[in-house]
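Following: one structure in structure tokens, then a few remarks.
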Amino acid sequence: IGIEHQISDRLLSETQLSTSKIDPTYNYTFVLGNNEFSNFDLSIARISLQWSPFSIYEIENDRAIEKKNGYPKFTLQLTQSFSSVFGSDFAFTKLDFRTIQRFTHGNNAVTELTLVAGLARGEVPLTHLYHAYPNNINKETILQRFSVAGLNSFETMYFNEFFSDKFSTFQFKHFFKAFKFSEWFKPQLVLISRFALGDMNNISRHQGITFNTLDQLYTESGFEINKLIFGFGLSFAYRYGAYHLPNFEDNIAFKFTFNLSL
């Protein structure tokens, strides 16, 4: 159950209440003292606030309509899981923050910076810890890993490779002015760099699955060429630094993108 409310012109809130029964599809056991859980129930309350202090709004039909998308934007989210409410097994708290800043240059190029941070405390199972938005399939060759690139995901980070109970990520994107070859062919080059840092307490609670934490800086960089044909483009990313893998090909992600303008 969720409800969204426009508190003021520039402050939007969303409140959610949920219950869930979770049975991981991978081998996983959550250990708390003498108790072991391979499946569990959760009852969660969540409140989110988005503040857009530099956007411009106008009232139309008693509603605040955003006329100018101003930056930076700030989002704060508090999540609370309650033990013994509707059969919930664990109690934990999470606090998440995100800010987005955009700079528009005179040549119609745009630079976008995104900072995300999160902190989880309490009896937090692996399913609700932070994984830094991985988007790479654990396959042998580059072409076998060919898939769809995300908007803010780490394209070279493999699923279930890293988990943290506190983490932060920073993303840099620079959108060049679209190259106008014709009215229908206007590809756009985007340069991207992403960074992630995190850590975890009580690693021994999580049994049956092998993973790393992000206690060293994770780095990847690459580029996208968007809108090549029918909104589709191509993405390339390379993983380097502390988590560079021994096999060169395992550090490369080659995918396609999709951008649709409405």
Q) Do we have any residue at all in the range 77-91 that's at pLDDT 90 or above, in contact with a Pro (Cβ under 8 Å, 6 or more places away or on another chain) and more than 30 Å from Lys186 (Cβ to Cβ)? A) yes
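Within the range 212-262, which residues are among the charged types (D, E, K, R) and free of Cβ contacts under 8 Å to residues at least 12 places away in the same chain?
The first filter runs over the range 212-262 and keeps only residues among the charged types (D, E, K, R), leaving 215, 220, 224, 227, 239, 249-250, 255.
Result: Asp250, single match.
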(Q) Among the numbered criteria (1) free of Cβ contacts under 8 Å to residues at least 60 places away in the same chain; (2) open to solvent by less than 40 Å² (accessible area, probe 1.4 Å); (3) more than 26 Å from Phe258 (Cα to Cα); (4) out of contact with any strand residue (DSSP E or B) (no Cβ under 8 Å at 6 or more places or on another chain), which one does Ile209 miss? (A) (1)
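Check the range 136-150 and report whether any residue there is part of a strand (DSSP E or B), in contact with an Asp or Glu (Cβ under 7 Å, 6 or more places away or on another chain) and at pLDDT 95 or above. Let's see the steps before the verdict.
As a first pass, look at the range 136-150 and keep what is part of a strand (DSSP E or B): 136, 148.
Checking the rest, the ones that are also in contact with an Asp or Glu (Cβ under 7 Å, 6 or more places away or on another chain) come to 136.
Those left that are additionally at pLDDT 95 or above: none.
Looking through the range 136-150, none of the residues is part of a strand (DSSP E or B), in contact with an Asp or Glu (Cβ under 7 Å, 6 or more places away or on another chain) and at pLDDT 95 or above.
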Q: Considering only residues that are hydrophobic (A, V, I, L, M, F, W, C) and more than 29 Å from Thr127 (Cα to Cα), look in the range 212-231 and name the one that is most open to solvent (accessible area, probe 1.4 Å).
A: Phe230
**Q.** Filter result for the condition that a residue is surrounded by fewer than 13 Cβ atoms within 10 Å (Cβ to Cβ) and either hydrophobic (A, V, I, L, M, F, W, C) or under 26 Å from Ile1 (Cα atoms) (or both), over Arg63, Arg98
**A.** Arg63
Q: Tell me, please, whether a residue that is charged (D, E, K, R), part of a loop (DSSP other than H, G, I, E, B) and either exposed (fewer than 14 other Cβ atoms within 10 Å of the Cβ) or at pLDDT below 95 (or both) can be found in the range 118-128.
A: no
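Residue by residue, here is whether (1) out of contact with any Leu (no Cβ under 7 Å at 6 or more places or on another chain); (2) of a type in the set (Gly, Ala, Ser); (3) within 26 Å of Thr79 (Cα to Cα) holds:
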{"site": "Val116", "(1), (2), (3)": "yes, no, yes"}
{"site": "Leu126", "(1), (2), (3)": "yes, no, yes"}
{"site": "Asn138", "(1), (2), (3)": "yes, no, no"}
{"site": "Phe146", "(1), (2), (3)": "yes, no, no"}
{"site": "Gly150", "(1), (2), (3)": "yes, yes, yes"}
{"site": "Glu155", "(1), (2), (3)": "yes, no, no"}
{"site": "Ser168", "(1), (2), (3)": "no, yes, yes"}
Q.
Could you check the range 232-247 and list, in sequence order, the residues that are open to solvent by 50 Å² or more (accessible area, probe 1.4 Å), outside any loop (DSSP other than H, G, I, E, B), out of contact with any helix residue (DSSP H, G or I) (no Cβ under 7 Å at 6 or more places or on another chain) and closer than 16 Å to Ile137 by Cα?
A. Phe236
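Of everything in the range 162-192, what is open to solvent by less than 30 Å² (accessible area, probe 1.4 Å) and either closer than 25 Å to Ala132 by Cβ or not in a loop (DSSP other than H, G, I, E, B) (or both)? Give them in sequence order. So that I can check it myself, show each step before the final result.
At the first step, the residues of the range 162-192 found to be open to solvent by less than 30 Å² (accessible area, probe 1.4 Å) are 162-165, 167, 169, 171, 173, 187, 190, 192.
Within the range 162-192, Phe162, Phe163, Ser164, Asp165, Phe167, Thr169, Gln171, Lys173, Val190, Ile192 meet the criteria.
The values are calculated or read from the model by the stated rules, or taken from the named source; none is laboratory data. These numbers come from a predicted model, not from an experiment. Here the Cβ is made from the backbone with ideal geometry for all residues, glycine too, and neighbour counts use every protein chain on show. The protein model used for the area step is the full one, side chains on, heavy atoms only, and it has no ligands, DNA or RNA in it. Shrake-Rupley method; radii C 1.70, N 1.55, O 1.52, S 1.80 Å.
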